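> Supplied in structure tokens, the structure appears directly below.
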């Protein structure tokens with residue numbers, strides 16, 4: 001059995017809440033903000049779900065969480081919990097920041113200037129070479145390169161920066177290798193760089209996990225460089241997330257005859273910074289390095305909770321449907337305060353009736 005004292009006396013309660021179905025990152029942060037502790041939040045779940053018109057979520061059992069703790073310890077990994085001093089400041093600024101990260105390696109890399117580098121899995125040889133060289137040049141300037149350990153550009157970025165500092169964010173569990181051919185690289189990053197996972201150990205990566213991984217890559221970084229990407233690719237999703245976070249979006253131009261360059265050329269057309277060298281990247285991010293970290297917010301700061309009336313619940317629920325809608329629109333149309341709208345959405349989600357989408361939008365399930 002793992003010793004919860006190793007990572008804080010309430011680690012088991014926090015993990016029980018994090019691993020509970022229907023408690024996502026936004027809901028977790030709101031529950032802690034409202035009730036002050038994971039134990040108090042767990043105790044409040046039945047009443048909140050009942051108000052939302054459903055049954056209470058099944059809270060993760062203590063035994064399950066203790067097994068996870070023991071596995072993480074055996075793997076030589078550890079947790080970084082949202083709200084604790086060693087949690088990455090830039091990532092904590094996200095509204096849906098992961099409540100807990102599982103990490104292996106040198107967490108001191110999180111204190112250096114972080115730049116994400118992403119691109120096509122089926123990248124051209126020229127793109128992979130450029131990504132490898134750019135990562136190496138950035139590393140010599142004390143930049144840590146963040147990427148997702150995918151085939152193609154991601155792999156090249158990690159290889160180029162492994163000797164100077166690289167962070168690999170994976171979609172599955174910390175002990176799961178994907179893609180299989182990167183087994184040696186992933187192991188080396190865990191030993192010499194930093195490996196980060198949000199999912200519990202043993203989790204095989206699924207399609208739904210990759211957008212969550214992409215938000216971590218963008219959230220950890222001051223800016224994102226896209227080296228090569230086709231339209232509607234995962235790399236463009238990462239770039240979009242970076243832009244929504246107010247981070248720098250940079251792209252390497254390519255031939256208009258190569259479909260793999262269309263995404264990057266489109267980003268540049270829409271205002272992304274054109275990158276041809278490490279100097280271009282450094283010129284873009286150095287003026288904001290440090291300033292963004294200093295602006296880190298309290299992840300559990302929230303408006304004082306307000307209990308919703310039955311009328312509030314009926315009005316807000318009537319405005320929801322299968323099409324995702326922004327919270328600001330719910331506030332405007334319902335006439336309710338932000339705190340009341342948050343309360344109703346929290347109750348509906350815990351009741352299993354609400355799903356949260358990208359950009360803070362919500363829809364009925």
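The values are calculated or read from the model by the stated rules, or taken from the named source; none is laboratory data. Computed from a prediction, not measured in an experiment: that's the story for all the values here. Methodologically, a virtual Cβ is constructed for each residue, glycine included, from the backbone with ideal geometry; neighbour enumeration extends over all protein chains shown.
> Find the helices (runs of 4 or more DSSP H) located wholly in segment 141-220 whose residues include 3 or more that are under 22 Å from residue 25 (Cβ atoms), and list them.
Numbers: elements: 153-161, 183-192, 209-220.
Of the helices (runs of 4 or more DSSP H) lying wholly inside segment 141-220, those with at least 3 residues that are under 22 Å from residue 25 (Cβ atoms) span 209-220.
> Counting only residues that are surrounded by fewer than 17 Cβ atoms within 10 Å (Cβ to Cβ) and more than 20 Å from residue 25 (Cβ to Cβ), how many does segment 332-352 have?
Here the count works out to 4.
So that you can scan it fast, the table gives a plain yes or no per residue for (1) modelled with pLDDT under 95; (2) within 29 Å of residue 344 (Cα to Cα):
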position	(1), (2)
74	no, no
89	yes, no
95	yes, yes
107	no, no
122	yes, no
131	no, no
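> Can you spot a residue in segment 42-51 that is surrounded by fewer than 18 Cβ atoms within 10 Å (Cβ to Cβ) and closer than 23 Å to residue 301 by Cβ? Walk me through how you get there before you give the answer.
Filtering segment 42-51 for residues surrounded by fewer than 18 Cβ atoms within 10 Å (Cβ to Cβ) gives 43-44, 46-47, 50.
Now restrict to residues that are closer than 23 Å to residue 301 by Cβ: 43-44.
Looking through segment 42-51, at least one residue is surrounded by fewer than 18 Cβ atoms within 10 Å (Cβ to Cβ) and closer than 23 Å to residue 301 by Cβ.
> Do we have residue 254 as touching a helix residue (DSSP H, G or I) at 6+ places or on another chain (Cβ under 6 Å), in contact (Cβ under 8 Å) with a residue 60 or more places away in the chain, closer than 23 Å to residue 358 by Cα and outside the structural domain of residue 358 (by TED's automatic domain parsing) here?
Details: touching a helix residue (DSSP H, G or I) at 6+ places or on another chain (Cβ under 6 Å): yes; in contact (Cβ under 8 Å) with a residue 60 or more places away in the chain: yes; closer than 23 Å to residue 358 by Cα: no; outside the structural domain of residue 358 (by TED's automatic domain parsing): yes.
For residue 254, the condition - touching a helix residue (DSSP H, G or I) at 6+ places or on another chain (Cβ under 6 Å), in contact (Cβ under 8 Å) with a residue 60 or more places away in the chain, closer than 23 Å to residue 358 by Cα and outside the structural domain of residue 358 (by TED's automatic domain parsing) - is not met.
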